[in-house]
Each structure stands twice: as C-alpha cells, then as structure tokens.
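The values are calculated or read from the model by the stated rules, or taken from the named source; none is laboratory data. Since this is a predicted model, take the numbers as computed values, not measurements. Note that we place each Cβ from the backbone using ideal geometry, even for glycine, and neighbour counts take in every protein chain shown. Side chains are part of the model used for accessible areas, which takes the heavy atoms of the whole protein and leaves out ligands, DNA and RNA. Shrake-Rupley method; radii C 1.70, N 1.55, O 1.52, S 1.80 Å.
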Protein chains: 2
Amino acid sequence: MRPPEKPDFDAVDAIEHAWRRERPETPVRSIGVISRVWHAAKLLGDDRRRTLAALGVDQATLDLLSTLRRAGPPYRMTPAQLAEQCLVSAGAISQRVVRAEADGLVHVERTASGRRTRHVELSARGHHVVEVTVDRLLTHEQELLDDLSDEQQERLADLLRVLLAGLRTRLGAPDEPGQVGDQR
Amino acid sequence: MRPPEKPDFDAVDAIEHAWRRERPETPVRSIGVISRVWHAAKLLGDDRRRTLAALGVDQATLDLLSTLRRAGPPYRMTPAQLAEQCLVSAGAISQRVVRAEADGLVHVERTASGRRTRHVELSARGHHVVEVTVDRLLTHEQELLDDLSDEQQERLADLLRVLLAGLRTRLGAPDEPGQVGDQR
DNA sequence: CGGTAGATGTTTAGGTCTAAACATCTAGGA
DNA sequence: TCCTAGATGTTTAGACCTAAACATCTACCG
C-alpha cells in the first residue's frame, strides 16, 4: 500500500557516504538524523513561506498571532510569554510586535511612560487573519505528509518527541527549565 | 534501559491541545510531526550556531567549505552545484563566496571579464578550517542524540527518509528533479 | 519610605536568507 | 559569423534573526 521503509539512497546518505570516503575517521553517525531533520525543516519552512506569502501573511507574524489566538480569551500575553512560546529571542518579539501593531493586528498596552510593553493583545483584525489562514495552512501541510501512513506519522512523532525531550534537557537546561528563549 | 516511547506531555502536544480547545474544526493532525521537526531544527540550529561561534566559524561558511571538502579532489565546484547541495538560493551562494574569498578560505576562478564565477575551490586555509572543525562539531552533535538508542536513531532516520522523499516529490518537483534551489 | 538588584523589554550592529530584477555567458540556428 | 534564447551568476530590497549593550520596572530589604 505504501512504499517500503527505505525509499532510496538519499541525498543525506550521499553526504554520509562522501564523508566516509573523504575522511574515514569523521564521526558520521549523527548525520542520518540531524541532517534529515534540518533538511525537512528547510523544505517545510520554504513551503510555508511561499504558502503564506500567497495568503498575504508572513511566518513570523502568523506565529505571533496564532500564539495569541491559541492562548484563548482574552488573547493577551506578555512579551516574555510570547518569546518562550514562539521560540525566538525577546528582541525578536519586540520587532514582531512593532510590525504587527503597525499593521493593526494587535493592540499593545504599555507602562505609564510608554517605553515598555505590558501586554500584547489580538485585535479584531489579527483575529480574523488567524481564522482565515490557519486552517488552510494546516490542511495544506497535512497533505505533505500523505506519503507516510497514519501509523508511520505516529511513530515519527513519538520518536521526535523523545529526541526533543533529550535536546531540551541537554540544551535548554544549562540555566533553568524555561530560559534563554528556547522552549515551546 | 531508556525512557519509554512517550516521555511526557510535550510542548507540542500543548499546541495541538490548545487548537482543539479553541478551534475544534482546525485540522491538527500534521502538528505532531511538523512542529516537532521545526522545533528540533531550531534547537539544533541554535546550538550549532553557538558551537561554531566558539570555534570561530559560522554555519553558512562551514556549510560551503564542507561541501567543497566532501566533493573530494580537486575540491572545486560551480555556484550552481553549491546552491543545490547547500540547499540555498544561488544568490545566497554568491554572497557566501564573496565572504569566504575575502577571508581567504576559497579561491575563485572567474570568466574572462571577471564578472562571473566559474569555479570555487577550497584554499589551503579553507581546507584546514574544515579539518579542525567538522569532527568536533559532529562528535558534539552525536552526543545530543544519546537519549535515543541506536535502534531508535535508525528508525527515526528511516522515517525521516520517507518523509523527505515525499516532500521532495511534492515540493521539489513542480518543475524538474533538481530545480529552484532545493535538494541535497 | 528610599534604594537597589534582578527581571523584563528595547535597541542596534551584524549576519543570513529569498525573490526578483538584472547582467552575463554560451550554444545552436540561420 | 552573428544573434538570440535559455542557462547561469550577481545585485539589491526587504525580512528576520541573535547577541549584547542598554533602558526600565518592580519588589524586597532595611
């Protein structure tokens, strides 16, 4: 019903193979997983950028809006919460918020002096953008996975879950549970 | 010996859960795979940037140099070949080459008028950077996968291979086998 | 009540990428 | 031979990101 487990000799297999040929001592064991994760993220990211461009949004903004939307009423979060959820630095959030506010997609509540943001809240317009965009994006992306059976998708998700748990403890915990702008 | 298949309720599970709660009609099936791929790529990429910064190189440059190194003697490729292998646009390669040349990491052979690059070739210095960097990077990254057993790593790689094969036909084939700067 | 340390936001410099407009090259036909 | 179409490189405008310096807040302590 579906192609067998190993489709073909892969572009990533070629990388591994090339290293083995050129530098036999090089430790290539991680390549099979890491390069493929990287490669898949690249293909998916490029596709998402194009898909969203066609819908008139950009990834960074939709990420911001979706995060607020998912949080549920009153659709309001602090910059720190957004940074943690969106997996980007606090500085990146500052910039995203400026753009989104300029586009009328969010309302920003500031401290007395107006120099710092207290909360970011989805505007009616921002809300609307999410409603008309997210389902289309996710439906499209679901189709991209059609070469894997439901069971394969589940197994893949489970293995990635293990990988992520490991990465989080190894990379995301040098200081604290929720720190330097990584996590989700 | 190793933690069970499903470590915990995940940050990605939380996203899926939140959508189900806030918008029950939203098709969330792809999230388990795609968000985790994305998330893993982000953690790995951030870590790689920091690791390489400590070694005094940057990702983009090392990618270029490694690709030339892996190609084997005479360590020389055209911009088009580099773009295909490195998974970035031709424009990005132009920029990488300018920087690498300025740093003496590659030699560039140009057409008569000198306006276009014919080949990019690894210099002795570029060669050296690869030698002292790649093994350390790959050894480090291998450790990041230690939470998965060898067998799990293999199953993960195999499932990602299937995923990538599908993505390539669905996204990378609208024109031709090797086109718009995607592939590897 | 200050004062101040730590937490939280913002700014900026530097780097990277894509898309698309543009420039250059190269082969094959007339 | 010339000439042009298509292939291949380069440039530039616009986005985005991180890191690190900086600014602002806030809460606790004396």
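Within segment B:77-107, the residues that satisfy the criterion of being under 18 Å from the mean Cα position of the chain (by Cα) and β-branched (Val, Ile, Thr) are B:88, B:93, B:97.
Within segment A:67-81, the residues that satisfy the criterion of being away from DNA strand D (no atom under 16 Å from the Cβ) and surrounded by fewer than 17 Cβ atoms within 10 Å (Cβ to Cβ) are A:72, A:73, A:74. Among the residues examined, residue A:111 qualifies as without any contact (Cβ under 8 Å) to a residue 12 or more places away in the chain, more than 13 Å from every other protein chain (Cβ to nearest Cβ), within 11 Å of DNA strand C (Cβ to nearest atom) and open to solvent by 30 Å² or more (accessible area, probe 1.4 Å).
Criterion first (out of contact with any strand residue (DSSP E or B) (no Cβ under 6 Å at 6 or more places or on another chain), among the polar types (S, T, N, Q) and within 10 Å of another protein chain (Cβ to nearest Cβ)) does residue B:81 satisfy it? The answer is no for residue B:81.
Picking from residues in segment B:117-127 that are part of a helix (DSSP H, G or I) and in contact (Cβ under 8 Å) with a residue 40 or more places away in the chain, the one that is nearest to the other protein chains (Cβ to nearest Cβ) is B:127. Among all positions in segment A:21-41, there is no residue which is exposed (fewer than 14 other Cβ atoms within 10 Å of the Cβ) and touching a residue at least 40 places away in the same chain (Cβ under 8 Å). Within segment A:9-20, the only residue that satisfies the criterion of being facing chain B (nearest Cβ under 7 Å) and of a type in the set (D, E, K, R) is A:10.
A quick yes/no check of all residues on (1) touching a strand residue (DSSP E or B) at 6+ places or on another chain (Cβ under 6 Å); (2) exposed (fewer than 15 other Cβ atoms within 10 Å of the Cβ); (3) assigned to a helix (DSSP H, G or I):
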position	(1), (2), (3)
B:115	no, yes, no
B:131	no, yes, yes
B:141	no, no, yes
B:153	no, no, yes
B:156	no, no, yes
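The residues of segment B:128-156 that are away from DNA strand C (no atom under 16 Å from the Cβ), within 11 Å of another protein chain (Cβ to nearest Cβ) and not charged (D, E, K, R), listed by number, are B:134, B:138, B:139, B:140, B:142, B:144, B:145, B:148, B:149, B:152, B:153, B:156. Selection of segment B:34-44 for residues being at the interface with another protein chain (Cβ under 7 Å from one of its Cβ atoms) and either under 17 Å from residue A:168 (Cβ atoms) or outside any helix (DSSP H, G or I) (or both) yields B:36, B:37, B:38, B:39, B:40, B:41, B:42, B:43, B:44.
Considering only residues of segment B:87-104 that are over 13 Å from residue B:60 (Cα atoms) and either in a loop (DSSP other than H, G, I, E, B) or away from DNA strand D (no atom under 13 Å from the Cβ) (or both), which is least open to solvent (accessible area, probe 1.4 Å)? In this case the residue turns out to be B:104.
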